[in-house]
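Structure record follows, encoded as structure tokens.
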Amino acid sequence: MSTADDAHTRHLAAADPTGWFEHLYAEAENGTANVPWDVGDPHGLLVAWARDLDGTGRRALVVGCGLGRDSEFVAARGFATTAFDIAPTAIATTRRRFPDSPVDYRVADLFAPPADWHRSFDLVVESITVQALPVALHQRAIAAIADFVAPGGTLLAIAVARDDVVPEGPPWPLTEAEVRSFATGGLREVSVDRPDGRWCAEFRRG
Ligand SMILES: C[S@@+](CC[C@H](N)C(=O)[O-])C[C@H]1O[C@@H](n2cnc3c(N)ncnc32)[C@H](O)[C@@H]1O
């Protein structure tokens, strides 16, 4: 059984940096692979950050939602939540897992998102998607994510931290300069924390 860490996956990720996810989710559906981030619970840093948040009357977008662990949590905080992933099988599996979910699950590519998502969401949650892409794609991904934040809205970015050495990913954890670069296109940094080797960073559009 393969995982996102093995040599086979590294080869697929190098050949097709955004296409290999579909392959992994499809294999998981067949029972021949494990999806390492399919841990059931929402990310602990998101839970800690959003515990007392009331999203009533506000819109949220969850980037690279995978199998829905964070999007279901965000929707439960009251946000009208859209969540997207490039892998059709991830979205199909998630819809099946949560048949009564209020989340609007979509197949979409971060690098070619629907035009009407431009500056449209009061909360944008990015958890470990940028780090799942090669370093050469990080700045494009970061700029695309920042662009989803509405005036007055907030972006929460979560990633594994790295200092200088570029690992043979996936994943490709983020440097401090990379995480701070979410402050682009009018977003300003609210906080950048590094608990336990991970970034938990908040940005806001004025
Ligand atoms: C490491 S997984 C994390 C999934 C989810 N955020 C979680 O924490 O459970 C990265 C996710 O990003 C998705 N992804 C990668 N490139 C993408 C792109 N260009 N557009 C949308 N989703 C993408 C993958 O399919 C995968 O589900």
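No value in this document is a laboratory result; all are computed from the given coordinates. If you're wondering where the values come from, they're calculated on a predicted model, not measured in any experiment. Backbone-built Cβ (ideal geometry, glycine too); neighbour counts: all protein chains shown.
Extension gain, R51 to Q139: 0.36 nm times the residue separation minus the Cα-Cα distance gives 28.7 nm. The slack between R188 and R97, meaning 0.36 nm per residue of separation minus the straight C-alpha distance, is 29.1 nm. For Cα pairs less than 8 Å apart in space and 6+ apart in sequence, what is the mean separation divided by the residue count of the stretch 12-143, i.e. the relative contact order in percent? Value for the stretch 12-143: 24 percent.
Under 5 Å between amide hydrogens, built in the peptide plane, is the criterion, and for L133 it picks out W172 among residues at least 5 positions away or on other chains. On the basis of the beta-carbon distance and an R0 of 35 Å, A15 and R119 show a calculated FRET efficiency of 0.55. Remark: the chain carries a charge dipole of roughly 580 debye about the Cα centre, counting +1 on each Lys and Arg Cβ and -1 on each Asp and Glu Cβ.
Couplings for the stretch 57-68, taken from phi via the Karplus curve 6.51 cos²θ - 1.76 cosθ + 1.60 with θ = phi - 60°, read x, 10, 9, 10, 10, 10, 7, x, 6, x, 9, x Hz in order; Gly and Pro are left as x. Across the options I142, V192, P173, the greatest Cα extent toward the positive end of the charge dipole of the stretch 39-205 (unit charges at beta carbon of Lys, Arg, Asp, Glu) belongs to I142.
Placing a pseudo-label 7 Å from each Cα along the Cα-to-Cβ vector at D163 and N30 gives an inter-label distance of 4.2 nm. Across the stretch 193-206, rounded Karplus estimates of 3J(HN,Hα) from the backbone phi angles (6.51 cos²θ - 1.76 cosθ + 1.60, θ = phi - 60°) give 10, 10, x, 6, x, 10, 8, 10, 10, 10, 9, 9, 9, x Hz, Gly and Pro being marked x.
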